[in-house]
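Notes to accompany the following structure.
The values are calculated or read from the model by the stated rules, or taken from the named source; none is laboratory data. The shown structure was predicted, so the numbers you read here are calculated from the model rather than taken from an experiment. Here Cβ is always computed from backbone atoms with ideal geometry, including for glycine, and neighbour counts include all displayed protein chains. Areas reflect the complete protein model, heavy atoms only, side chains present, ligands, DNA and RNA absent. Shrake-Rupley method; radii C 1.70, N 1.55, O 1.52, S 1.80 Å.
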Amino acid sequence: MSWTIAAFGAVTKLGNLAILVPLSAVMLGWQLALRPKGAAWPWLAACLVCAGGIGLLKILFYACLPYSELRSPSGHTSLSTLVYGGFIAVIAA
């Protein structure tokens, strides 16, 4: 196995829900513990909208397939973008 395949495999595993959900909980805990009161609500809302939105889109795309090339949206990708983007924003601030 080449090193590039191993590297891409490691990056892919960072999008696993077993990693993303605890990281999201760490961010929520940090906001509850160290930020002003009410700062955790936007993060919690963003997580719920992301997960709920992807769930609704998956149902919609399953129920009515308008194009054969259209694929179901990836929950792993959307939650990865939210969680790692959130951490980048917090670190950059």
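Between residues in the stretch 78-93 that are farther than 17 Å from Gly29 by Cα and residues that are in a helix (DSSP H, G or I) and polar (S, T, N, Q), which pairs lie under 9 Å by C-beta distance while being six or more apart or on different chains?
Close Cβ pairs (under 9 Å, with a partner that is in a helix (DSSP H, G or I) and polar (S, T, N, Q)) amount to Leu79/Ser24.
Within the stretch 10-52, can you find the residues that are of a type outside the set (A, V, I, L, M, F, W, C), surrounded by fewer than 14 Cβ atoms within 10 Å (Cβ to Cβ) and over 14 Å from His76 (Cβ atoms)?
The answer is Pro22, Gly29, Arg35, Pro36, Lys37, Gly38, Pro42, Gly52.
Scan the stretch 1-23 and report the pairs whose first residue is of a type in the set (Val, Ile, Thr) and whose second residue is part of a helix (DSSP H, G or I) and open to solvent by 80 Å² or more (accessible area, probe 1.4 Å), with Cβ atoms within less than 8 Å and a gap of 6+ or a chain change.
If the second residue must be part of a helix (DSSP H, G or I) and open to solvent by 80 Å² or more (accessible area, probe 1.4 Å), the pairs left are Ile19/Lys13.
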